[in-house]
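Asks: So that we are looking at the same thing, I have put the structure below in structure tokens.
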Amino acid sequence: MGSGGLELPPGDDGHQGNSADVPPGAVSLARPMSAGAIGPELDWDTDAWHEVRTRAQRAGRAYIWLNLVEQRLRAVVAAVLRPVYEPVHGDEWVVAAAGPAGQEWVQRAVAVREVSRRKGYLLDPADDNVLSFLTLPQLRELMVQHWPCFEPYVDERRDVELALDELEVTRNVVSRNRALSEAVLNQAERASARLLEVLGAGGDVPSTRRLPVDAVEDLVGDRYADVVAVHSDRVRLLRQFPAEDLFGSARRVDALGIGLNLLVQNFSGRRLLRLAESGGRVRLLFLNPASSAIKRRERELGIKRGELSRAVEMNILHMRRVRSRLRDPGAFEIQVFDETPRFTAYLVDGDGADGVAVVQSYLRRTRGMEAPVLVLRNGRNGGKVVKSDQLDEGGLFPTYREEFELMWADSRPVS
């Protein structure tokens, strides 16, 4: 066996050492080993690929949050300290701001900047400054050293330092491409969101009070129109997005479907009553339990005749009892339709820019609890951190809102 993984040809009895048939100094050609000899050592099985993808996904999410935090902190440091030091020290204002205590790390940043200049790593002229080469801990050090300068703009120094402490573990793991646990990633995302809010860069999408904006959603959300989440079934939806979070602070709820179980069975009538009494408006559109469409749906699902219609009727009766307790029944409307149901939709504050919708299509032989769920954010494209160069073609939210209004106009009220 040769040192390069090559198999030397075997000799025979008549050819050894310096045989006359082999010229002196000649080297025999080696045959490459078959691919099968090294293949099993390099292959990754399904579990290994899954682990690698999971690591990459978590590291990618963490990197986006860290990137946003670092850029925001760099901008804040520049906005506060540059006017203090630049008039005297010019381009060397960062070195001056670091002072004697930061001489070591600021000189290291200067050296890295010079190397980057020589090797052509500075692709954007805006990054050709010492501040762009400071790490999060170094930016933090500048802020702590000059806290009296930052105090008028940041309420709590402790909040900033605690958030940066929580991010330090994630920063080290991501920079060294090591495994990042889900718990640490979640902690980093919460700390990053809190820090961005403290530094005055919180999300400007109104619906963040109900459905927090994800940094990844903000950056790449234009790939998915206004779809901000997809769940394989309603159980997983409610696990991550409980009904209380969806309907709890609503001022308007428009719901369309067969039985509207997501609302009726997961949100108390008392809470709905309070919503309507506080000035909100509720419009519920059920499939008529006496229609032929509900009988077809029962056959599709393979359930007993009348079982689905009775369940829908019970939901309607429950909502009627809630409505009967209102001083203004006009704030709580219930109607039924007779058409073939195509989807169920819950539009929360759908008349404003802070609307959120939960939409499910009806599938043959699949109950609504088991059907895939889309979560939509109204005005989604107006809140992106990174604007698309393409024209905004709108999303799915207006489509379902328009469909609701058309079906509401063609339906009839329940007395």
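The values are calculated or read from the model by the stated rules, or taken from the named source; none is laboratory data. Bear in mind that the values here come from a model prediction, so they are computed numbers and not experimental data. Note that we place each Cβ from the backbone using ideal geometry, even for glycine, and neighbour counts take in every protein chain shown. What goes into the accessible areas is simple: the full protein's heavy atoms, side chains included, and nothing from ligands, DNA or RNA. Shrake-Rupley method; radii C 1.70, N 1.55, O 1.52, S 1.80 Å.
Asks: Give the carbon-plus-sulfur fraction of the accessible surface of segment 235-363 in %, rounded to a whole number; probe 1.4 Å, heavy atoms of protein chains only.
Replies: 46
Asks: Continuing with the same structure: How far is it, in nm, from the label point at SER232 to the one at GLN71 when both lie 7 Å from their Cα along the line to the Cβ?
Replies: Here the answer is 3.4 nm between the modelled labels.
Asks: How much accessible surface does ASP338 have with a 1.4 Å probe, in Å² rounded to 10?
Replies: 70
Asks: Quick one: accessible surface of VAL198, probe radius 1.4 Å, all protein chains present, in square angstrom to the nearest 10.
Replies: Counting only protein heavy atoms, VAL198 exposes about 40 Å² to solvent.
Asks: From the Cα gyration tensor of segment 42-201, with a ≥ b ≥ c the square roots of its eigenvalues, which class applies: rounded if a/c is under 1.5, or else prolate if a/b is larger than b/c, or else oblate?
Replies: Taking the square roots of the gyration eigenvalues as a ≥ b ≥ c, segment 42-201 is oblate.
Asks: Sticking with this one: Could you work out the local net charge near LEU363, counting Lys and Arg as +1, Asp and Glu as -1, over the other residues with Cβ closer than 10 Å to its Cβ?
Replies: Once positives and negatives cancel, what remains is +1.
Asks: Oh, and also: So how do HIS89, HIS146 rank on accessible area, 1.4 Å probe, biggest first, that is with the largest at the start?
Replies: Correct descending sequence by accessible area is HIS89, HIS146.
Asks: Would you kindly find the accessible area of LEU285, with a 1.4 Å probe and non-protein molecules such as ligands, DNA and RNA excluded, rounding to the nearest 10 Å²?
Replies: 0
Asks: Oh, and also: Can you classify segment 235-391 as rounded, prolate or oblate using the Cα gyration tensor, where a ≥ b ≥ c are the square roots of its eigenvalues, rounded means a/c under 1.5, and otherwise it's prolate if a/b beats b/c and oblate if not?
Replies: It is oblate, given that a/c is not under 1.5 and a/b is not larger than b/c.
Asks: Please arrange PHE133, PHE267 by accessible surface area, largest first, computed with a 1.4 Å probe and ligands excluded.
Replies: Sorted by accessible area, descending: PHE133, PHE267.
Asks: Would you kindly state how much longer the chain becomes between GLN265 and ARG327 on full extension, computed as 0.36 nm times their sequence separation minus their alpha carbon distance, in nm to one decimal?
Replies: 20.0 nm
Asks: Based on the alpha-carbon gyration tensor of segment 82-156 and its eigenvalue square roots a ≥ b ≥ c, which shape applies: rounded if a/c is under 1.5, prolate if not and a/b is larger than b/c, or oblate?
Replies: Taking the square roots of the gyration eigenvalues as a ≥ b ≥ c, segment 82-156 is prolate.
Asks: Something else: Could you order MET369, MET314, MET407 so the one with the most accessible surface comes first? Probe is 1.4 Å.
Replies: Ranked list, largest accessible area first: MET314, MET369, MET407.
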